[in-house]
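K.L.:
I am attaching a structure below and will ask some questions about it afterwards.
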Amino acid sequence: MPLASCGSDPIPYRTVNVPLVASVAVVPSSATLDVGAAVQLSATAYTASGIPVSGKGFAWGTSAGAVATVNALGEVTAVAPGSSLITATVDGQQGSALVTVNANTTVATVAITPSTATVDVGATTALSASAFNSAGAPLAGKVFAWSSAAATIATVTSAGVVTSVAPGTAAISATSEGRQGTASITVVAIAAVATVAISPAVDSVDVGRTIALTATASSAAGAPLTGKTFVWASSASAVASVSATGVVTGVAPGTATITVTSEGKAGTATVTVVAANNAVATIAVTPTLVAIDVGTTAALSATAFNSVGSALPGKPTAWSSSTSSIASVSAAGVVTGVAVGTATISATSEGRAGSAVVTVVPRATSSGTITVNGAQTFQTMTGWEALAEIGQAECDPRAYQSYKSGVLDRAANELGINRIRLGLRNGFENPVDQFLPFRAGQLTFNQWKVFWFRVMNDNNDPFVLNPAGFNWGYLDYTMDELVVPLKQRLAARGEGFWLNLSYTGANTGDLHRDNPEEYAELVLAAFQHLQQKYGWVPNSLEIVNEPNLGTWTGTHVGQALVAAKRRLNAAGFFPEFVAPSASYIGESLVYFDAMVQVPGAAAAVDEFSYHRYRTIPTLAQLQNVAQRGTQYGIRTAMLEHGGSDYLDLHEDLTLANVSAWEQFGLAFCGDRDIGGSYFAIYGAALGSNAPNVQTGAMTKYLRQYFRYVALGAVRVGATSADSRVAPVAFRNVSGKYVVVVKAT
């Protein structure tokens, strides 16, 4: 190519000699590290004459990544005992250094959690100790000796349980291999009881069933007192008996006064016992949100349910309005808009009440205005969730292969699913992987299903994990077939993805229920496996799916939560924690309140989850969910209800302030659309090799939210001047706003 010239003087050609690399030297040429430690290596390129060549970039590599890793800058990190050759390559020439990794199992530091605590005299608190090596890596299986520097103030057991004795401050120590960690325990005197109250003060119960009453002691200043002892009694044990913990059992129809006493102070509650399954436990008013014009009417309905969630027809209901000057209500539940404003309409039966909020607006015109207030913020969205189910195991394999890619394309690009619930079956803790013979055709589906929840402990020590004691065949299959492909599709769109790992098996086996550390071991094994195989781990851990359908209590959930957080954090995993996920909202509130009483659970939970089965959530229940979220500084989520539509979603978003929401499965074969899956697959159950995938009827409306409201979006204020439209507004992380309108 000719060079440009100026006038008649051409620009001369110049020859540049580039030195050739003949060798590469890595410094230092060898290094010995402890597990968890790091060393910086440097590389220099030389010519054949031994002259250094500058400006070269090196490609770093390791011969044994399981022993030592190296980054693009030559920094080596020790992973496990052994040796690895670290290489630096440029222009086809290579230099190396030998890195030897020692086990480094000697305790260097000890940490106690929590490091400080304040307890009442006579109360107990559990401490936990963790050992770390010189590189800061946690050391499992270490034995700790516990001691108290002031046993007259606080004593400690060999398991780290502290008992407060007298007011003052005591240093509690945990020692392992000569290294010691300490925690400061402050013991305070217990104030005297001035009043005692029972909640609820009035209640009813069926014959043969129970209700739990709660006693609260307060000081003269009105402050609640913890650690107090209560004595319960019934005025008529033949009508209603009461346990030492306040659990009342209906014996025969009638009325009894329940009394609780503490330090000479007493509180009472009246309990009415009715014929079995005939007492009103809850009232649901529908719809829970109503907007009407001045001068127009709307009909509300009230349904009474007993304690097991069965409807009780024929129960007399009394209707009332909190502000009759805004909205009045007839004896039949017909609301009339009187003046602009908001009123709460209540329906009461047998002392139980449900309510709805009625907003009265000026008479509607032909058009209205929606006002979005970006300065008013509510929840941050963590995903539109689906169960990891597309028929990958149950449906005909020929049909499955023909529809799976299309379903995943539509889930990501059409519907907007960005959060997947992946089941962690308790049966994964078993050395035999029965999914493999099922995949090979040696077991039928029903024969394989028998093993889903069959647990065999990997060993008798929850702190020594035996990798051979776990099987991950079906977990990996679901990851490969559904989770990873969906994540890749979302990434191609520039959208985020959330993986929610959910423990299943609450109604089968007791190993993980009764042994929180065994539960934590299974969870840790799953996280380690996913990290090693896929290079990433779940964003959240759902402690247990529908614990109330098995034998788990709220206390069990809280204990598993605390153990899992402690174990995962110690191993370098920091997911968010979701609980309690009971099958209906009333049970979720009860389970949550019991769960957070477990020491450490309130600080560990990140998302309060509930399902929508059994009874229609009341306005009060939805608001109570939102209140728990505010009280504990956590998110809320509705994470399962096959059959829920956009009306339920609107309520959950605006009343319970949910950040995540799930109808149920992503897709399934079965020639029907009943709201149990976002996509219905027709023809697949018959072995067709050309199944027809259809968007569910309910999904089409849910899509208006899912498709446009992205992961990380913040719900903002939105109001309407027209009673016929109810807006919900969001601000996406891109800064763009989305308004979804529910129109009547």
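The values are calculated or read from the model by the stated rules, or taken from the named source; none is laboratory data. Everything numeric in this text was worked out from a predicted model, so none of it was measured. For neighbour counting, all protein chains shown are included, and Cβ atoms are generated from backbone atoms with ideal geometry for every residue, glycine included. With ligands, DNA and RNA removed, areas are computed over all heavy atoms of the protein, side chains included. Shrake-Rupley method; radii C 1.70, N 1.55, O 1.52, S 1.80 Å.
K.L.:
Determine, yes or no, whether A221 is open to solvent by 20 Å² or more (accessible area, probe 1.4 Å), modelled with pLDDT under 90 and part of a loop (DSSP other than H, G, I, E, B).
P.N.:
When the stated conditions are applied, A221 passes them.
K.L.:
Being assigned to a loop (DSSP other than H, G, I, E, B), crowded, with 16+ Cβ neighbours inside 10 Å and modelled with pLDDT of 90 or more narrows it down to one of T323, T259, T336, so name that one.
P.N.:
After applying the criteria, what remains is T323.
K.L.:
Right, another one. Take the residues of region 630-659 that are touching a residue at least 40 places away in the same chain (Cβ under 8 Å), touching a Lys or Arg at 6+ places or on another chain (Cβ under 9 Å) and closer than 23 Å to A601 by Cβ: which is surrounded by the most Cβ atoms within 10 Å (Cβ to Cβ)?
P.N.:
The extreme case among them is V658.
K.L.:
I'd like the full set of residues that are touching a residue at least 24 places away in the same chain (Cβ under 8 Å), in a strand (DSSP E or B) and surrounded by fewer than 15 Cβ atoms within 10 Å (Cβ to Cβ), limited to region 303-319.
P.N.:
Within region 303-319, A318 is the sole residue that qualifies.
K.L.:
For residues that are open to solvent by 10 Å² or more (accessible area, probe 1.4 Å) and not charged (D, E, K, R), scanning just region 396-405, find the one that is nearest to Q663 (Cα to Cα).
P.N.:
The qualifying residue nearest to Q663 (Cα to Cα) is S405.
K.L.:
Going through region 406-420 one residue at a time, which ones are basic (K, R) and either open to solvent by 10 Å² or more (accessible area, probe 1.4 Å) or farther than 21 Å from L475 by Cα (or both)?
P.N.:
Scanning region 406-420 gives a single hit, R410.
K.L.:
In addition: Of everything in region 339-369 that's within 26 Å of G314 (Cβ to Cβ) and in contact with a Lys or Arg (Cβ under 9 Å, 6 or more places away or on another chain), which residue is modelled with the lowest pLDDT?
P.N.:
Selected residue: E350.
K.L.:
Hey, I674 hits all of (1) free of Cβ contacts under 8 Å to residues at least 12 places away in the same chain; (2) in a loop (DSSP other than H, G, I, E, B) but one; which does it fall short on?
P.N.:
The number of the failed condition is (1).
Residue-by-condition table, conditions (1) of a type in the set (A, V, I, L, M); (2) more than 27 Å from Q623 (Cβ to Cβ):
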site: V248; (1), (2): yes, no
site: A252; (1), (2): yes, yes
site: K265; (1), (2): no, yes
site: G314; (1), (2): no, yes
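K.L.:
Collect the residues in region 677-729 that are among the polar types (S, T, N, Q) and touching a residue at least 60 places away in the same chain (Cβ under 8 Å), keeping them in residue-number order.
P.N.:
S677, S688, N689, T695, T699, T719, S720, S723
K.L.:
Right, another one. With respect to the numbered conditions (1) closer than 26 Å to G535 by Cβ; (2) not in a loop (DSSP other than H, G, I, E, B), which one is the sole condition not fulfilled by G36?
P.N.:
Failing condition for G36: (2).
K.L.:
Suppose we filter A191, A197, A201 for residues that are at pLDDT 90 or above and not hydroxyl-bearing (S, T, Y); which single one remains?
P.N.:
A197
K.L.:
So, one more: Show me the helices (runs of 4 or more DSSP H) entirely contained within region 464-550 in which 1 or more residues are under 16 Å from E429 (Cβ atoms) and open to solvent by less than 10 Å² (accessible area, probe 1.4 Å).
P.N.:
Qualifying helices (runs of 4 or more DSSP H): 473-478, 511-514, 516-534.
K.L.:
Residues A311, A269, A332: which one is hydrophobic (A, V, I, L, M, F, W, C) and under 30 Å from T195 (Cβ atoms)?
P.N.:
Residue meeting the stated conditions: A269.
K.L.:
Right, next: Could you please find all residues in region 339-358 being surrounded by fewer than 19 Cβ atoms within 10 Å (Cβ to Cβ) and in a loop (DSSP other than H, G, I, E, B)?
P.N.:
A339, V340, G351
K.L.:
Just one of (1) out of contact with any Pro (no Cβ under 7 Å at 6 or more places or on another chain); (2) aliphatic (A, V, I, L, M); (3) open to solvent by 40 Å² or more (accessible area, probe 1.4 Å); (4) more than 25 Å from V280 (Cβ to Cβ) trips up V361, so point out which.
P.N.:
Looking at each condition in turn, V361 falls short on (3).
K.L.:
Among the numbered criteria (1) of a type in the set (V, I, T); (2) closer than 25 Å to S502 by Cα; (3) surrounded by fewer than 17 Cβ atoms within 10 Å (Cβ to Cβ), which single criterion is violated by V733?
P.N.:
(2)
A quick yes/no check of all residues on (1) within 30 Å of A233 (Cβ to Cβ); (2) without any contact (Cβ under 8 Å) to a residue 40 or more places away in the chain; (3) more than 37 Å from the chain's Cα centre (by Cα):
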| site | (1), (2), (3) |
| --- | --- |
| A256 | yes, yes, yes |
| A275 | yes, no, yes |
| T282 | yes, no, no |
| I292 | no, no, yes |
| S301 | no, yes, no |
| S330 | no, yes, yes |
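K.L.:
Sticking with this one: Restricting attention to region 205-218, and to residues there that are assigned to a strand (DSSP E or B) and hydrophobic (A, V, I, L, M, F, W, C), which single residue is surrounded by the fewest Cβ atoms within 10 Å (Cβ to Cβ)?
P.N.:
A212
K.L.:
For G368, all conditions in the list (1) closer than 23 Å to G717 by Cα; (2) not in a loop (DSSP other than H, G, I, E, B); (3) not basic (K, R) hold save one; what is the number of the exception?
P.N.:
(2)
K.L.:
Kindly indicate which of S115, S130 is within 20 Å of N569 (Cβ to Cβ), surrounded by 15 or more Cβ atoms within 10 Å (Cβ to Cβ) and either at pLDDT 95 or above or not basic (K, R) (or both).
P.N.:
Criteria check complete, one pass: S130.
K.L.:
OK, next. Just one of T106, T69, T100, T77 is under 44 Å from the mean Cα position of the chain (by Cα), over 14 Å from V39 (Cα atoms) and open to solvent by 30 Å² or more (accessible area, probe 1.4 Å); which is it?
P.N.:
T106
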